[in-house]
Amino acid sequence: MTHTATPAAATPPASPAVPPKSRTAERSLARRALARPEIGALVAAVGVYLFFFAVAPTFRQADSFATVLYQASTMGIMALAVSLLMIGGEFDLSAGVAVTSSALAASMLSFQLTTNVWVGVLVALLVSLTVGLINGLLLIKTGLPSFLVTLASFLMLQGANLAITKLLTTNVATDSISDMDGFDQAKSLFASEIDVFGVDVKITVLWWLVFAAIATWVLLRTKFGNWIFAAGGSKESARAVGVPVNLTKIALFMTVGFAAWFVGMHLLFEYNTVQAGEGVGNEFYYIIAAVIGGCLLTGGYGSAIGAVLGAFIFGMVNQGIVYANWNPDWFKFFVGVMLLLATLVNLWVRRQAARR
């Protein structure tokens, strides 16, 4: 009897191996996180908050935190504009005294002409934008580094603030404008308070967040944002692909002028008078806040969110030291430590992102 071999049942082809996605996804997520300029500032902000939350009981109160946000907002509005300028590859050392110049212009013009304060406010805006325009034009026309151009502007504005104030008021401070027409309306816009869940919060905090949202949108969603990064990364390469580098830099200097005007108006309508010598040295705090937020001194890298976090850290340290009943003289020591650590963290983050 002959037996026929029965063919073996065909084995279905093996499914292709699915590569494990977890490690790849985690690596990709970590790489994207490390590539963000503000990641170091975010970690630092959380650390500083937890530190003062632990050592200063007053820091935990809602009204105390509102004061922290207020301190951060007045610096943060300027830090936003300065960070955009730094991403564009330039500095503005006149930013601190420019705030005082705008406030002095509005105050003295309104008082000396006994006119509605809104006239002074609008003239101060023109003055601030003109200062930014001149800084930008000098940079473009002379080819000098922005450090030197704005250092000269800083000295000229500082001298003019004191000289003109003394000339018109025979004092180093302006006269109060609290009883002049339009003061209450201007104060409601620049220096009022809003109620947030029973806590009075300065309106500058709201404006700070609005400006931060606009700056983030401009950087990440507009052609002008691309121009800023390109102009700060390499001017020659940017020009080669059609980026209007000169126009971009002038616009950035005028943006700093606008921010200086806004903060100057807040100071004027918050305190009703202006000290002519105010603002000296604040330009370094604006730059430091931007650097803590991830901006590189060489340009072409940074974010608006990072500048917000940098200013927030400043506000927490400034008020946290007071709430902890420490000597306020330690503030500048902490600022120096934060600047050094932020620079090192930013360097480490960029190296890690490059390796991955």
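Any read-out appearing in this document is the output of simple, stated calculations on the displayed coordinates, not a laboratory observation. Computed from a prediction, not measured in an experiment: that's the story for all the values here. In this analysis, Cβ positions are derived from the backbone assuming ideal geometry, glycine residues included, and neighbour counts consider all displayed protein chains.
List of remarks:
- Whole-Hz couplings from phi, Karplus 6.51/-1.76/1.60, listed for the stretch 164-175; x for Gly and Pro: 5, 4, 5, 5, 8, 10, 6, 8, 9, 9, 7, 6
- Near residue 301, the amide H atoms lying under 5 Å from its own belong to 296; only residues 5 or more places off or on other chains count, and H is placed 1.01 Å from N.
- Applying the Karplus relation 6.51 cos²θ - 1.76 cosθ + 1.60 with θ = phi - 60° to the stretch 274-280 yields 3J(HN,Hα) values of 10, 8, 5, x, 6, x, 5 Hz, where x marks Gly and Pro.
- Long-range amide H partners of residue 93 with built H, under 5 Å: 150, 151
- Averaging the Cα positions of each part gives two centres, and for the stretch 104-143 and the stretch 209-230 these lie 25 Å apart.
- Here the Gaussian network model covers the chain, with springs between Cα atoms less than 10 Å apart; of 227, 118, 261, 118 fluctuates the most.
- With a Förster radius of 30 Å applied to the beta-carbon distance between residue 119 and residue 217, the computed FRET efficiency rounds to 0.40.
- Extension gain (nm, one decimal) between residue 332 and residue 50, 0.36 nm per residue minus Cα-Cα: 99.5 nm
- Cα gyration tensor shape for the stretch 47-146, rounded if a/c is under 1.5, else prolate or oblate: oblate
- Per-residue ³J(HN,Hα) for the stretch 285-302, Karplus 6.51 cos²θ - 1.76 cosθ + 1.60, θ = phi - 60°, Hz, x for Gly and Pro: 5, 4, 5, 4, 4, 5, 5, 4, x, x, 6, 8, 5, 8, x, x, 8, x
- Evaluated at q = 0.10, 0.14, 0.20 Å⁻¹, a Debye calculation over the C-alpha positions of the stretch 234-356 (equal weights, vacuum) places log10 I(q)/I(0) at -0.45, -0.83, -1.29.
- Extension gain from residue 168 to residue 156, taking 0.36 nm per residue of separation minus the Cα-Cα distance: 2.5 nm
- Contact order normalised by residue count of the chain, Cα under 8 Å, 6+ apart, percent: 34 percent
- Packing order of peptides 100-113, 161-174, highest average first: 100-113, 161-174 (average count of other Cβ atoms within 10 Å over each peptide's residues).
- Checked against a 30 Å cut-off, the cross-linked pairs 141/166; 202/235; 202/332 give Cα-Cα distances beyond that limit for 141/166; 202/235.
- Simple spin-label estimate for residue 63 and residue 36 in nanometres, 7 Å along Cα-Cβ: 3.5 nm
- Prolate/oblate/rounded label for the stretch 59-115 (Cα gyration tensor, a/c 1.5): oblate
- Spin-label pair residue 239-residue 343: with each label point 7 Å from Cα along the Cα-Cβ axis, the two points sit 3.0 nm from one another.
- Eigen-decomposition of the gyration tensor built on the alpha-carbon atoms of the stretch 37-355 gives equivalent ellipsoid semi-axes of 30, 27, 17 angstrom, largest listed first.
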